[in-house]
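Worksheet: one structure, shown below.
The values are calculated or read from the model by the stated rules, or taken from the named source; none is laboratory data. Keep in mind that what you see is a predicted model, and the values were worked out from it rather than measured. A quick note on method: Cβ atoms are made from the backbone with ideal geometry, for glycine too, and the neighbour counts reach across all protein chains shown.
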Amino acid sequence: MTSTTYRCSSCFEQTLTRVYDVSHLSIRCPNCGEFARFVHEGVLEQYEALEESPPEEFDWERLDRMEKFVVAEKLVRQGNTLDDFEVEVHDGE
Ligand SMILES: [Zn+2]
């Protein structure tokens, strides 16, 4: 059985390995102590790729970190493309 690595979205240092494959785990991080989302490594790679070179037509920087993870997760695991997302504007609420 293959295992999957998940990384803490709070400190980005702690990793956990599980035999099951889900988009993320929510668990208290033994490293930073946060009750954090541990993100599937494939999703994290997508997230980092977008951080490095945000697509011009997509307002990536407008998203907060959790929204970015959700977008990355949908791209990787649900076969979405960036065209599927409407970027919500949070200003002035
Ligand atoms: Zn952590």
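Only one of the numbered conditions (1) free of Cβ contacts under 8 Å to residues at least 40 places away in the same chain; (2) crowded, with 18+ Cβ neighbours inside 10 Å is violated by GLU73, and that is (1). Scanning region 1-46 for residues that are more than 9 Å from the ligand (Cβ to nearest atom) and hydrophobic (A, V, I, L, M, F, W, C) yields MET1, LEU16, VAL19, VAL22, LEU25, ILE27, PHE35, VAL39, VAL43, LEU44.
Within region 27-39, the set of residues being of a type outside the set (A, V, I, L, M, F, W, C) and at pLDDT below 95 comprises just one member, ARG37.
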